[in-house]
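Have a look at the structure below, then the notes.
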Amino acid sequence: ILGGLGAEGGLAVVTDGASIALLDGAIAVSLTTTGTVTITYGGKTIVSSAKGLYDDVNSLIKLSNNTNDSVNKINISRNVERQAKKLSPEAKRGYDKAIEALKNGDTRGLNEHLLTGNRKGQRALDIKGTGNGRGAGRLIFEKCEDGSINVIEILLNHNY
């Protein structure tokens with residue numbers, strides 16, 4: 001169930017394998033039988049699990065409402081700054097790309113995802129250049145109510 005989407009609000013029930021358009025097609029929602037949810041709003045698309053849907057929908061709406069000239073305030077801890085200086089050149093480029101993506105509000109391709117357990121409320125991004133494929137490293141951060149982002153930690157071993 002999705003509620004409060006868009007200026008006019010709205011409520012939709014989406015069942016397995018179904019698709020629905022809300023607000024005269026401004027929002028498209030589809031749900032697969034495996035529990036993957038795809039939502040398109042304001043020209044932006046997210047793919048989420050049902051578990052992380054609420055936060056992902058809110059992030060998508062905020063991203064769609066951002067203009068290209070709006071930039072998120074990023075707070076980087078001294079520990080993260082020290083860690084970043086020790087990264088390999090390739091990993092440093094991946095880290096810089098992740099920070100830039102957070103500033104611009106566009107993390108597509110970096111596998112932004114919610115964390116659970118003792119890291120509930122935190123999110124992670126892939127750091128390319130820290131291993132095979134999309135990289136084993138993660139940038140751990142929190143989104144604040146005022147729209148700023150606190151970068152908490154760089155993990156290179158994907159143990160979180």
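Values as computed for the structure displayed
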| item | result |
| --- | --- |
| Neighbourhood net charge (14 Å Cβ-Cβ; Lys/Arg +1, Asp/Glu -1) for ILE127 | +2 |
| Mean Cβ neighbour count within 10 Å, used as a protection proxy, ranking 116-126, 81-91, 98-108 highest first | 98-108, 116-126, 81-91 |
| Environment charge of GLU142, counting only residues whose C-beta is closer than 11 Å and scoring Lys/Arg +1, Asp/Glu -1 | +2 |
| Under-5 Å amide H pairs with ARG134, H placed in peptide plane, nonlocal only | none |
| Ratio Rg/Rh [Cα only; Rh per Kirkwood] for the range 68-160 | 0.94 |
| Neighbourhood net charge (14 Å Cβ-Cβ; Lys/Arg +1, Asp/Glu -1) for VAL80 | +2 |
| Amide H contacts under 5 Å for ASN75, placed H, 5+ residues apart | ILE149, ASN150, VAL151 |
| Note, ³J(HN,Hα) from phi for the range 117-122, Karplus 6.51, -1.76, 1.60, rounded to Hz, x at Gly and Pro | x, 6, 10, 4, x, 9 |
| Nonlocal amide H pairs with ILE127, under 5 Å, H built at 1.01 Å | GLY137, ARG138, LEU139 |
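Read-outs: derived from the displayed coordinates by stated rules, not from any lab. These numbers come from a predicted model, not from an experiment. Counting neighbours? That spans all protein chains shown, and the Cβs are built from the backbone with ideal geometry, glycine included.
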